[in-house]
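Written out below as structure tokens is the structure these notes cover.
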Amino acid sequence: MQKIVKKLESRGIRPTAMRLMIYKRLAELNVAISLGDLEKDFKASERSTLFRTMKVFEEKGIVHQIEDGTGVIKYALCEENCECELGNDLHLHFHCNNCNETVCLTDHKIPHINLPDGYISEDINLVVKGICEKCSNDLD
């Protein structure tokens, strides 16, 4: 838990009990999670507390948002030393049409995209949809 405290403090986040529990839960997951799913894990907590925690985590570079085409925003922990910078830290996401899970494919970086003059990119989100490894193994 001390490692999590140091991680949060290094990003300027006060390590409250709730923030520590939420970070720990995100670290346990191998998939992105929606605010609604996070609520199920923390039934005694108020939705506004969870939402504010995720917003602080996002603003401070602890998590990033994923829009996977389902209409529900999901969150995943950023990699170590990630600054969520265009052209440096952005990676592919994979959404499984079978189990509905979304995962970060951090080893597959989004390449720099040259836009026409006058266009300014502010965010890039690339989602590949299909059948994940777990579900494709179940098909065999």
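A few points about this structure:
- For region 19-60 versus region 91-131, the spacing of their alpha-carbon centroids is 22 Å.
- Given charges at Cβ of Lys, Arg, Asp, Glu: region 2-139 dipole, positive-most of Cys132, Ala27, His93: Ala27
- All lysines inside 30 Å of Lys3 as judged from Cα atoms, apart from same-chain residues fewer than 8 positions distant: Lys24, Lys40, Lys43, Lys55, Lys60, Lys74, Lys109
- Taking the DSSP beta bridges with both ends in the chain, the antiparallel portion is around 75 percent.
- Tail weight of P(r) past 22 Å, computed on alpha-carbon pairs of the chain, percent: 44
- Cleavage-rule hits, trypsin sites (Lys or Arg not before Pro), region 18-116, DSSP coil, Cβ neighbours within 10 Å at most 15: Lys43, Lys60
Computed from the coordinates by the stated procedures, all read-outs in this text should not be read as laboratory data. Every value quoted in this text rests on a predicted model; they were computed, and no experiment measured them. Ideal geometry is used to build each Cβ from the backbone, glycine not excepted, and the neighbour counts take in all protein chains shown.
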